[in-house]
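Some notes on the structure that comes next.
Since every read-out is calculated from the coordinates, none of them should be taken as a lab result. In this text the structure is predicted, and so the values were computed from the model without any measurement. Positions of Cβ are backbone-derived with ideal geometry, glycine not excepted, and every protein chain shown enters the neighbour counts.
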Amino acid sequence: MRTYICKRLLIAGVTLLGMSLLLFVLMRLAPGNITDIIFESAGYVDEADRHKLEAELGIDRPLIVQYGRWLGDFVRGELGKSYRYDLPAWQVIKPRLPVTLELAVLAMGFAIALGVPFGVISAVQRGHAIDYALRVVSLAGLSMPSFWLAMIVILLLVRSMGWIPSMTYVSPFDNLWANLAQFLLPALAVGYRSSALIMRITRSTMLEVLREDYIRTAWAKGQRGRTVVWRHALKNASLPVVTLIGIEFAFLIGGLVVTETVFNLPGVARYLVDAIQFRDYPIVQNLAMLIAVVVVFANLTVDLLYTWLDPRIKFGA
Amino acid sequence: MATIPSIDLAIPEALPRRRGRSSGAWRFVRRNPLGAIGGLLVLLMIVAAIFADAFATHNPVRTSSRVLVAPGSEFWLGTDNLGRDLYSRVVHGARISLAVGLASTLLGALVGGLIGLVSGYAGGTTDLVTQRLMDIMQALPILVLALVLAAALGPSLTNTVIAISVVIAPRAARVVRASVLAIREFVYVESARALGVSHARVAWRHILPNTFGPFIVLVTAQLGGAILAEAALSFLGLGVPEPYPSWGRMLSIAAAEYAEKAPWLVIYPGLAISLAVFGTNLLGDALRDTLDPRLRGS
């Protein structure tokens with residue numbers, strides 16, 4: 001067990017190291033370095049000033065030194081400075097974390113609450129009208145851009161009720177209901193897509209499990225249908241579902257990028273888009289790295305959860 | 001759920017069905033009504049993309065003073081904030097979406113597929129290193145990686161294609177590698193080797209053609225994702241630049257100011273994206289069922 005965990009941790013470390021290298025190179029490829037951008041807004045370029053700034057930022061040093069320094073800073077939690085806000089990046093990111101986290105948790109909650117039961121029903125009613133209907137609904141969820149869905153929902157609300165969710169962020173500690181009202185729609189818009197994926201995987205694994213001998217035995221013993229489906233079958237079908245939920249949770253961030261923009265929520269994902277648009281490259285590099293860390297650890301957690309959920313899995317492989 | 005649900009416990013059809021006189025295409029339609037609908041939607045999109053000039057009623061990029069006109073007989077889907085005909089823009093948008101979607105999916109799938117072929121066939125250290133590299137590429141959510149790539153490369157049509165294909169490649173590599181690993185163990189591969197056929201030729205002639213089924217499934221599955229990614233990138237202003245009429249960017253203009261005054265600007269481009277992706281998804285599902293019998297019915 002210990003060697004297994006060590007191995008997994010090592011792989012995670014290697015992945016993140018590779019990611020950091022990739023991001024570093026990509027940000028060096030990006031058009032214009034940070035001094036260009038800072039001086040661009042000032043309107044004039046004084047070469048002496050520029051060199052001074054470059055020296056201050058350390059970008060006149062060899063690339064390998066720059067990379068090493070960035071990595072060291074990142075590991076120590078130093079996320080650099082935002083040129084746009086002229087603040088340490090961490091101060092800008094910190095208040096945004098709860099927003100993204102709340103949105104991600106709510107969206108995932110919706111996704112599981114809708115995806116798992118619908119997937120089970122669809123599998124049990126295979127070939128019936130309800131199965132077709134649920135499959136079409138889930139495919140539609142995978143087909144609609146979440147930001148468009150969000151826009152349509154806002155539009156409908158405005159048209160039918162004249163109500164717009166508050167476009168300025170309300171903290172849950174100030175006003176829980178206003179906060180929830182504000183988060184409900186974006187969470188649904190993002191969660192719909194994930195629920196569609198969860199439903200599909202639940203359906204296909206349930207179909208497999210329902211064919212197993214022990215399910216037939218359970219039926220033969222005269223167990224109630226509900227017990228067979230929801231206790232015996234779902235339990236064994238849950239493994240791929242848990243994997244998907246783990247992976248989806250991390251990948252939800254991708255969906256949040258646009259949704260936070262549409263709903264004007266001051267989250268981390270939106271900050272990434274802002275930073276890209278303002279060419280605040282040090283922030284882009286650090287934020288993307290932060291997201292990679294979250295994704296890799298989510299995957300790691302899923303792998304370890306596996307062994308807990310299914311004791312048959314050996315650690316060797 | 002009080003009643004006992006009926007469960008399909010029937011023995012899977014053991015006997016091959018007698019082939020009727022109906023052609024393969026018709027059988028596909030009859031067995032996969034949803035897939036046929038998907039195919040129709042995809043066909044519609046392809047036709048719109050190819051014959052956009054014939055279908056369009058106006059020039060999609062020419063501005064006019066008649067801004068934000070509601071849908072009517074002259075402008076079927078209304079006009080946007082610059083007085084451009086939305087219907088013509090949506091039709092031409094099919095061309096951009098399909099071009100970017102197809103180009104990035106094919107590029108990503110081909111490059112990824114080759115990587116997967118080499119990785120799976122060579123095995124050993126090559127495989128290990130390649131797989132770790134693919135892990136790295138997949139450590140970021142699709143859209144985040146595409147965003148960072150698009151930002152690094154700068155917004156242009158080509159760069160959008162590159163950014164999306166880079167995201168697709170590792171997924172293609174995974175799929176092709178998995179099937180290569182299985183095919184490699186078949187006896188006919190061993191006999192080809194025993195006959196003195198070179199590794200390169202075995203991989204190319206004997207293994208690669210057999211990964212075609214999963215490959216096609218992958219391409220159709222990724223096409224929808226690629227169209228969505230293009231829409232999202234363009235929506236954020238990092239994808240296809242002006243003057244190309246991209247569905248995603250049409251929405252970003254609409255979202256900014258005109259959603260309430262001109263809801264058609266929100267509705268139609270988004271509907272076009274959704275229908276296009278819905279079509280590819282339906283078709284992809286049906287193709288998976290047909291070409292990958294192991295997954296049939298799942």
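Side notes on the structure shown:
- Only Cα sites of the stretch B:215-262 enter the Debye sum here, all with the same form factor; the resulting log10 I(q)/I(0) across q = 0.15, 0.19, 0.21, 0.30 1/Å is -0.46, -0.63, -0.71, -0.99, listed in q order.
- Springs join every pair of Cα atoms under 10 Å in this Gaussian network model of chain A, and among A:Asn264, A:Asn286, A:Asn299 the largest mean-square fluctuation is at A:Asn264.
- For the stretch A:98-163: Kirkwood Rh in Å [reciprocal of mean 1/r, alpha carbons]: 13.9 Å
- Kirkwood hydrodynamic radius of chain B, Cα pairs, Å: 21.6 Å
- Chain B, relative contact order [Cα under 8 Å, separation at least 6], %: 23 percent
- Couplings 3J(HN,Hα) for the stretch A:225-241, derived from phi with the Karplus relation 6.51 cos²θ - 1.76 cosθ + 1.60 (θ = phi - 60°), are x, 4, 5, 4, 5, 7, 9, 6, 6, 4, 4, 7, 8, 6, 4, x, 5 Hz, where x marks Gly and Pro.
- Cα centre as origin, Lys/Arg/Asp/Glu Cβ charges: the protein assembly as shown dipole, Debye: 2640 debye
- Phi angles across the stretch A:105-118 convert, under the Karplus curve 6.51 cos²θ - 1.76 cosθ + 1.60 with θ = phi - 60°, into 3J(HN,Hα) values of 5, 4, 4, 5, x, 4, 4, 6, 4, 8, x, 5, x, 5 Hz, Gly and Pro given as x.
- Highest-MSF residue in chain B out of B:Val175, B:Val42, B:Val189 [GNM, Cα springs under 10 Å]: B:Val189
- Placing one equal scatterer on every Cα of the stretch A:83-225 and applying the Debye formula, the log10 ratio I(q)/I(0) at q = 0.18 Å⁻¹ is -1.06.
- Straight Cα distances below 20 angstrom link A:Lys235 to the lysines A:Lys221, A:Lys314, with same-chain residues fewer than 8 positions distant left out.
- Restricted to Cα atoms, the stretch A:162-317 shows a radius of gyration and a Dmax of 20.8, 66 angstrom.
- C-alpha long axis of helix B:33-50 to longest principal axis of chain B, angle in °: 60 degrees
- GNM top mover of A:Ile245, A:Ile276, A:Ile64 - chain A, alpha-carbon springs below 10 Å: A:Ile64
- Isotropic mean projected area of the C-alpha convex hull, the stretch A:241-309 (nm²): 4.9 nm²
- Once C-alpha pairs closer than 8 Å and six or more residues apart are averaged by separation and normalised to the residue number of chain A, the relative contact order reads 26 percent.
- Between amide H atoms placed 1.01 Å from N, distances below 5 Å from A:Lys81 occur with A:Ala89, all of them 5 or more places distant or on a separate chain.
- For the stretch A:235-311: relative contact order, % (alpha-carbon pairs under 8 angstrom, 6 or more apart): 41 percent
- Sorting the Cα pairs of chain A by distance into bins of 20 Å, from 0 upward, gives 26, 48, 23, 3, 0 percent per bin.
- When each of A:Phe173, A:Phe118 is scored by the number of other beta-carbon atoms lying within 10 Å, the sequence from fewest to most is A:Phe173, A:Phe118.
- Equivalent-ellipsoid semi-axes for the protein assembly as shown (Cα gyration tensor, √(5λ), whole Å, largest first): 39, 32, 27.
- Coupling constants for the stretch A:127-134 follow from the phi torsions by the Karplus curve (6.51 cos²θ - 1.76 cosθ + 1.60, θ = phi - 60°), and in residue order they are x, 8, 4, 5, 5, 4, 4, 5 Hz; glycine and proline get x.
- Of every Cα-Cα pair in the stretch B:113-201, the percent that sits beyond 21 Å: 44 percent
- Computed over the stretch B:173-298, the percent of Cα pairs more than 26 Å apart is 46.
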